[in-house]
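The values are calculated or read from the model by the stated rules, or taken from the named source; none is laboratory data. Keep in mind that this is a model prediction, so the values were computed, not measured. Heads up, the Cβs are rebuilt from the backbone with ideal geometry, glycines too, and the neighbour counts pull from every protein chain shown.
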Amino acid sequence: MLGFLTARQAGLDDPLRMRRVESTRRVLSLKLNPDRDVDRVHGNGINTIDIETIEGRYMLTGGADGVIVIYDLENFSGTPQYTCKAVCTVGRSSQHVHKFSVETVQWYPYDTGMFVSSSFDKTMKVWDTETLKPAEVFEFEGNVYSHHLSPIARKHSLIAVGTKIPKIQLCDLKSGSRIHVLQGHKAEVLSVRWSPRYEHILASASADSKVKVWDVRRASSSLLTLDQHNGDKSKASSEAVNTAHNGRVNGLCFTGDGLHLLTTGTDDRMRLWNSATGENTLVNYGKVCNESRKKLQFTVTCGCSPEFVFVPCGSSVAMYALHTGKLVTMLKGHYNNIDCCEFHPDYQELYSGGKDCNILAWVPVLRSPDVEVESNSADKVKKKDSRSSSGLKEHDYIS
């Protein structure tokens with residue numbers, strides 16, 4: 001660490017390099033923290049998690065019981081052992097509670113005073129955090145599988161919504177109405193995600209095995225339909241032309257820079273795509289167990305070099321190196337299948353929720369004597385221990 005500080009002060013190293021290396025080191029040391037508990041409020045499985053980016057303090061969860069909970073992640077106890085308390089709950093006693101399973105929750109990107117939830121009760125609700133009452137309710141013809149607000153939009157306030165009807169609905173927060181429909185899928189839309197790089201670019205995943213990329217400024221058709229075979233028709237059957245997976249595609253996630261898109265499907269595969277060209281990068285992650293018929297929420301790290309992806313895999317969370325496909329470790333602690341996980345970029349922590357009704361916190365377990373940095377060469381990291389906690393050498397990733 002002192003070597004990085006010296007090199008940075010002398011102008012010999014990239015100012016962001018120390019931050020990237022330390023972030024990577026923290027991610028590689030993630031462990032289930034016995035001193036960190038999260039209040040157990042949900043009476044049924046947890047489907048969705050979101051952590052707000054304004055303060056990085058509040059976490060939203062939605063469950064199969066229709067309940068929505070807001071947690072405070074801040075430690076005010078003054079001791080290492082503490083419990084993240086539920087500060088607000090939209091429970092079964094509330095007249096505004098969702099009648100069926102909550103599939104997606106998301107904070108408004110610019111203000112914690114508002115959040116959005118969607119449910120199998122065919123509604124999407126825009127909530128006032130202060131009153132815990134919906135300021136707006138959108139009703140749809142079928143179950144709502146997923147919704148997403150752009151994290152960077154300045155010129156629009158659209159919420160993309162994927163439902164059982166094979167059309168993507170675009171709802172405007174300003175007018176409180178549905179203003180547009182994107183048509184092209186032939187089965188239910190299981191996941192939608194806005195690009196973190198371009199505010200008008202949207203990706204959608206469907207049970208028809210296809211992933212489409214849209215420019216919402218052009219209404220005619222999608223920009224791209226991702227093809228796992230990269231246009232090689234000799235490798236694809238006539239029924240499988242331009243399919244991203246050989247099964248339902250139920251997970252989407254852009255990388256932090258928006259240059260790549262990750263998808264997961266019920267064919268037990270995860271694929272990495274160039275989001276600009278739609279090219280399958282052919283990274284082999286091996287078998288990624290995926291039995292979910294609904295949306296699967298997975299997450300990519302931010303600020304690491306290289307980046308890592310955390311994806312639910314049965315009752316474990318699998319951690320992969322994003323660009324090589326190497327399985328780094330399996331985080332085990334849940335008693336039943338995991339449906340969602342969310343990465344906290346400020347502290348390099350991971351939160352996961354599953355059908356066991358538990359939310360687990362995975363935090364860095366740092367051992368400062370383990371890593372010794374050479375002051376003459378800021379890009380060399382030597383380990384006194386031959387192996388890290390994940391069973392892999394840390395310098396395989398820190399470079």
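Results, tabulated for the structure shown:
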read-out: Options Asp172, Asp72; residue that is over 21 Å from Leu190 (Cβ atoms), touching a Leu at 6+ places or on another chain (Cβ under 8 Å) and among the acidic types (Asp, Glu); value: Asp172
read-out: Counted residues, the stretch 328-340 - those being farther than 22 Å from Leu259 by Cβ and either crowded, with 17+ Cβ neighbours inside 10 Å or not assigned by TED's automatic domain parsing to the domain that holds Thr255 (or both); value: 8
read-out: Flag for Ser209 being in contact with a helix residue (DSSP H, G or I) (Cβ under 8 Å, 6 or more places away or on another chain) and either touching a residue at least 12 places away in the same chain (Cβ under 8 Å) or buried (at least 16 other Cβ atoms within 10 Å of the Cβ) (or both); value: yes
read-out: Test for Ser209: is it under 24 Å from Thr264 (Cα atoms), at pLDDT 95 or above and under 18 Å from the mean Cα position of the chain (by Cα); value: no
read-out: Residue match in the stretch 194-203 (condition: among the small types (Gly, Ala, Ser), touching a Ser or Thr at 6+ places or on another chain (Cβ under 6 Å) and under 19 Å from Glu279 (Cα atoms)); value: no
read-out: Flag for Ala135 being in contact with a Ser or Thr (Cβ under 9 Å, 6 or more places away or on another chain) and of a type in the set (Gly, Ala, Ser); value: no
read-out: Residues (more than 26 Å from Leu252 (Cβ to Cβ) and either of a type in the set (Lys, Arg) or out of contact with any Ser or Thr (no Cβ under 7 Å at 6 or more places or on another chain) (or both)) located in the stretch 91-131; value: Gly91, Arg92, Ser93, Ser94, Gln95, His96, Val97, Lys99, Asp128, Glu130, Thr131
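Here's the yes/no breakdown for (1) touching a residue at least 60 places away in the same chain (Cβ under 8 Å); (2) more than 27 Å from Asn290 (Cβ to Cβ); (3) of a type outside the set (S, T, N, Q):
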{"position": "Phe138", "(1), (2), (3)": "no, yes, yes"}
{"position": "Ser146", "(1), (2), (3)": "yes, no, no"}
{"position": "Leu173", "(1), (2), (3)": "no, yes, yes"}
{"position": "Tyr198", "(1), (2), (3)": "yes, yes, yes"}
{"position": "Thr225", "(1), (2), (3)": "no, no, no"}
